[in-house]
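The block underneath contains the structure these notes are about, expressed in structure tokens.
Values quoted throughout were computed directly from the atomic coordinates according to the rules given, and no laboratory measurement underlies them. Predicted model only: the values in this text are computed from it and were never measured. All Cβ positions, glycine included, derive from the backbone under ideal geometry; neighbour counts span all protein chains shown.
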Amino acid sequence: MDPKTPSESFTEMTELVLPQHTNAIGTAFGGVIMSWIDICSSIAAMRHCGRVCVTARVDALEFKAPIKVGDVVCLTARLNAAFRSSMEIGVRVEREDAMTGQRALCADARTTFVNLGDDGKPSPVPPLLSETGEDRRLAAEAADRRQQRRAGKI
Ligand SMILES: CC(C)(COP(=O)(O)OP(=O)(O)OC[C@H]1O[C@@H](n2cnc3c(N)ncnc32)[C@H](O)[C@@H]1OP(=O)(O)O)[C@@H](O)C(=O)NCCC(=O)NCCS
């Protein structure tokens, strides 16, 4: 399998917060944001593998600031690391004021997706080719977290 860079699978997604996405106080419902995080990262995983991938895990999900009805929500997903059949993906969620264009980070998370073969079993993913120092740093940190997960420490 040919290696792929993080930029080849980088995914941006834009949503508009409508009344049906909100809770009783007019801010975005956490479960809706979680589903957008899942969709955005699954697109990045599929772009990397060229196949359907499934969510195995969500880590470090934090809602840092509320998102209001009428806000534009900009999500980005980028592969931090590719392992054997799994990938760690970092997701950022920003609120954008459509009038001013001003953006603020509202949530972030790390997801793990697994590539499935035709038999429905985990199947190898293409290696991730680090191009920059930042790519290498993110991949090394993800590898460290994977060790900790496997050791049951996180
Ligand atoms: C994710 C899933 C395919 C893993 O299958 P499995 O038979 O346990 O496979 P394995 O134990 O061989 O693990 C396969 C890979 O997934 C990783 N993995 C499995 N469970 C994981 C978890 N909870 N967190 C992080 N990584 C996980 C393993 O570390 C391994 O990674 P590697 O191949 O890169 O080393 C299986 O648990 C599953 O189908 N879960 C349900 C997925 C789902 O329905 N998602 C929601 C809808 S998309």
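Scan the range 103-149 for residues that are closer than 30 Å to ALA28 by Cβ, within 9 Å of the ligand (Cβ to nearest atom) and of a type in the set (D, E, K, R) and the total you get is 1.
Once the range 86-102 is narrowed to residues that are of a type outside the set (A, V, I, L, M, F, W, C) and without any contact (Cβ under 8 Å) to a residue 12 or more places away in the chain, the residue that is farthest from the ligand (Cβ to nearest atom) is THR100.
Within the range 57-85, residues that are on the phi > 0 side of the Ramachandran plot have Cβ atoms under 8 Å from residues that are within 14 Å of the ligand (Cβ to nearest atom) in these pairs: ALA60/ALA109; ALA60/ARG110, counting only partners at least 6 apart in sequence or on another chain. Being surrounded by 12 or more Cβ atoms within 10 Å (Cβ to Cβ), away from the ligand (no atom under 13 Å from the Cβ) and hydrophobic (A, V, I, L, M, F, W, C) holds for only one residue in ALA56, ALA44, ALA24, ALA82, and it is ALA44.
Annotation note: Cβ proximity below 7 Å between a residue of the range 22-46 that is on the phi > 0 side of the Ramachandran plot and a residue that is outside any helix (DSSP H, G or I) and of a type outside the set (Phe, Trp, Tyr) (sequence gap 6+ or interchain) occurs for GLY26/LYS68; GLY26/VAL69. Comparison of MET13, MET46, MET1 shows that the only residue that is in a strand (DSSP E or B) and among the hydrophobic types (A, V, I, L, M, F, W, C) is MET13.
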